[in-house]
1. Whenever you get a sec, line up His421, His214, His32, His194 from highest to lowest accessible area (probe 1.4 Å, protein heavy atoms).
2. Return the long-range amide H neighbours of Phe308 (sequence gap of 5 or more, or a different chain), with a cut-off of under 5 Å between placed amide H atoms.
3. Figure the gain on full extension for Leu169 and Phe58 (residue separation times 0.36 nm, minus the Cα-Cα span) and round it to one decimal in nm.
4. Can you give me the three principal axis dimensions of the stretch 113-185 from its C-alpha atoms, in Å, biggest first?
5. Between His12 and Phe308, what length in nm is gained on full extension when 0.36 nm per residue of separation is reduced by their alpha carbon distance?
6. So for the pair Thr111, Leu280, with labels modelled 7 Å out along Cα→Cβ, what separation do we get in nm?
7. How long is the gain from Ala333 to His119 if the chain were fully straight, where each residue apart is worth 0.36 nm and the alpha carbon distance is subtracted?
8. Assuming a ≥ b ≥ c are the square roots of the Cα gyration tensor eigenvalues, decide whether the chain counts as rounded (a/c under 1.5), prolate (otherwise, with a/b larger than b/c) or oblate.
Amino acid sequence: MQVKILSYYRLHKIPILLLLASLLFYYTFAYHLVRTDFPKLIILAAALFFLCYKLIQFEKWNFKFLLAAGILFRFIFLFVEPMLSQDFYRFIWDGELVLQGQNPYLQTPNTIVELGKVHINNAAHLYASMGEISAKNFSNYPPLNQFIFALAALFSGKSMLGSILTMRLVIILADIGILYFGRKLLAKLNLSSHLLFWYFLNPLVIIELTGNLHFEGVMLFFFIWSMHLLSQKKYLLAAPILALSIAVKLVPLMFLPLFIRHLGLKKVIPFYTIIGVTILALLVPFYSSEFINNYTTTIGLWFSNFEFNASIYNIIKKVAEINGSKDWETIRAFGKISPYITIAMVFLFSLLKNNKTITSLFTSMLWVLTIYYFISTTVHPWYIIFIALLSVFTKFRFAILWSALVFLSYWAYSNPDFKEHLGILTIEYITIFSFVIYELLRLNRQNLLYSKK
């Protein structure tokens, strides 16, 4: 046994050292970093991305080694509170309400506290820590997300750490599920399985999902499972699974028109029907006359009130400032227009692109979501995780680069007033736009060469 261990160490000495270095950096990130320390944050992120690249380079054919590495990196965060986001306080709050049979969509935390109806564990700490914006708004988390929050409250042992641990384990299991179904899907598409480790070992994924408890990973688990079933022509089974993905995060909703050409009218109608029925069934426990108005109002705020890490919108805002327009006027006006731009873009990709194959479908999804983020007023770092996973199944890699560069947006957290540094955002987006153009030109050149042959 000892001889085997020594032999394995000699064969994999450098990757093992890279693994140990990564564990040290993740430990530092989890336990010895405050989000206001931007230089330390960006150095750690850069180091982790470099180590991720080298691990995949050295061990890309060693699936078990990279799987173990990804799980170990996630376990580092098990018993620590999220360091870069305070959203989890609202998750726990909503979960406690649902567990008590209360509807989290009907009253804001401010209203509940004012009326003196708070009878949940750690209420004062949760309310004080969730932030002013969260406290004054209705919950915007879809129904399946709420059930997961309630599950965390059920197994919490009446402690915040218990809720955090439960949610974290759910997110880790979801990531392992993505690896399982994603590997099968890559094999179906005749692509190398090691590509999936650009998701599974990606520091943004590990830090923002396992570390900061964002549920994009759970959404993506159901999404990839659904796409795997679709690749096997099991579209009736894929439909309810895709509905579960939408019921965690609404983002996959914008992809629904893309299935028209993929499935054809005869199949897409039952596909849509099953999705609709599944979502309605999940909404039934929360439905009331006030629910729709409260939920749509809260979702609308993302288009007309909030801004973070925007690209095209920041250019428009600067031009508007020169012309004497106030910031709030610009975002309100842009917020009214951007949903229509998004809808038009989705239908263009649905009608003009050939989405018959799974690969072409993934490519259309990648571009729809990328363009949506380019025109959005708010692009939080964890949003990029979806396109990072989509890119694995396509020929494009700009989303992997963006998943590294998006850490630059955390400069805003180093300021008490959360003011963004437009110079830093300019570096982020010029680099991304340049690489997007490079990839488009490179792939177009390759396609021309192929057609000439």
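1. His32, His421, His194, His214
2. Thr378, Val379
3. 37.1 nm
4. Computed over the Cα atoms, the extents are 52, 26, 18 Å.
5. 102.3 nm
6. For the pair Thr111/Leu280, the computed spacing is 2.6 nm.
7. 73.0 nm
8. Rounded, because the longest to shortest axis ratio a/c is under 1.5.
The values are calculated or read from the model by the stated rules, or taken from the named source; none is laboratory data. Predicted, not measured: the structure shown is a model, and the values here were computed from it. Don't worry about glycine lacking a Cβ; one is built from the backbone with ideal geometry, like all the others, and counts go over all protein chains shown. Calculation scope for accessible area: heavy atoms of the full protein, side chains included, ligands and nucleic acids excluded. Shrake-Rupley method; radii C 1.70, N 1.55, O 1.52, S 1.80 Å.
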